[in-house]
1. Among residues other than L272 whose Cβ falls under 9 Å from its Cβ, what is the net charge (Lys/Arg +1, Asp/Glu -1)?
2. I need two numbers for region 85-143: Rg to one decimal and Dmax as a whole number, Cα atoms only, in Å.
3. With a 1.4 Å probe and all protein chains in place, put W111, W33, W74 in order of accessible area, largest first.
4. Could you work out what % of the accessible surface of region 178-244 is carbon and sulfur, using a 1.4 angstrom probe and leaving DNA, RNA and ligands out of the count?
5. Net charge near A105: determine it from the other residues with C-beta under 13 Å of the C-beta of A105, scoring Lys and Arg +1 and Asp and Glu -1.
6. Out of residues 5 or more away from R292 or on other chains, whose amide H comes under 5 Å of its own, with H placed 1.01 Å from N in the peptide plane?
7. Which order do Y62, Y207 take by accessible area at a 1.4 Å probe, largest first?
8. Stretched out fully, how many nm does the piece from D277 to R146 gain, at 0.36 nm a residue minus the Cα gap?
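The values are calculated or read from the model by the stated rules, or taken from the named source; none is laboratory data. Remember, it's a predicted structure, so these values are computed and weren't measured experimentally. Positions of Cβ are generated from backbone atoms using ideal geometry, with glycine treated the same way; all protein chains shown enter the neighbour counts. Heads up: the accessible areas ignore ligands, DNA and RNA and are worked out on the full protein's heavy atoms, side chains in. Shrake-Rupley method; radii C 1.70, N 1.55, O 1.52, S 1.80 Å.
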Amino acid sequence: MKRTISLILGCAALLLAASAQAVRITPAHSGSWFDPEFDKQGLNIQVLDKPGPGPERTVAVYWFTFDDDGNPVWALGVGTSERDTVNLTMRRAFGGARPPLDIEASEMIDWAEMTLSFGTCNTAVAEFTMVDTGESGRYDLQRLTRIGKRTCTGGLSDDAEPGDPEITLVAQLEGGQPPAGGLLKFKLRPAFASFEVDVRGIPAGTYRVRVGGTDEGEIIVEQRGQGIAMGRLRFSSGTDDDSDEQGDDSESGSDDSSDTDPLLDFDPRGQLVEIVDADDEVHLSADFPAGRDGDDDDDDDDDDDDEG
C-alpha cells in the first residue's frame, strides 16, 4: 500500500513539474485535436513557417463544429503564435455545393474570435466568442493525431528537421573588471537544443538571465573555496545523446541531464543576453549571434574545448 501511494505521489509530482514549464507552439503541435465532452467536432491545427526572424510561427486552424440549428460548419483562421498562444479570427462561408453542382458560396465572413493556448504537447484550451451574438465557449482539447513520427517537446528542438546539420554558436559575456566574464553556448540539431550560460567573477548571489528583454531563468553564482565565484545554467529541449561526452559537467558539479534542465522555449539567436541582479543592475552582457559566420563559430567551439 505504501509503495502504491509513493508511486501516485511521484506521478503527481512529475505532472506538476511538467505543468510548471511553459511550452512554445512548434510544428510538432500540428495535428487533429478534440474535446471528449463535445462529440463529432474539433480542430485541425497546422503550425507553418516563421513569418520573420523570430521564433513566432504562422498557425492555420480549421474548426469543425455546428451552428445553432445543428448544421455542420467549418471555419478557418490564421494567426501568429506568441510563445504558447495564438489569437485567430475564425471565418466561414455560406451556401456552395460539392462538384458537379456549380453553386458558388458566399464571401468568407468573420464568425468567431478564438484564443488557442497550449499547456503541453498533448493538451490545449480553445476559447472563443461568436462575432454576431457575443456568446462564448471553450474546448479542453486533447491531441488526436500527430504528423508522422515528429517528437514534440514544446521547446526549440522541435524547429530542427530530420537531416538538418547541427548548429553551434558561442559568445563571450563581458562587463565589469576582470576576472568577471562568461560564456554563452547554443546548440541546435534534430531532437535536441540547448543554451548554456556560464558566468564567473561576479559577486555570489542569484541573477536573472535576460534574453531579448525577457527574464528566462535564474542562475546561482557561488563562491567555491578560495577561487572566484562561478555559476552555470543550461536550458534544453529534447534528448542530448552526446551528454556522456561532456566531461566538464561532472567537474563543475552540474547536472547535465536534460530531464532537469529548464525548457528551452525561447530562441537566443540575434538577442541581447544580460545577467541581471535583484536591483536590475546588468553585470554581464553579450549580443548573441543570429547565425554562423563562416567557420568562426566552429573555431571558437574548439578553443572553448581546449580551455576545458
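1. -1
2. 15.2, 44
3. Per-residue accessible area, sorted high to low, gives W74, W111, W33.
4. Taking all protein chains in place, region 178-244 shows 47 percent carbon and sulfur surface.
5. In short, 0.
6. The answer is none.
7. Y62, Y207
8. 42.9 nm
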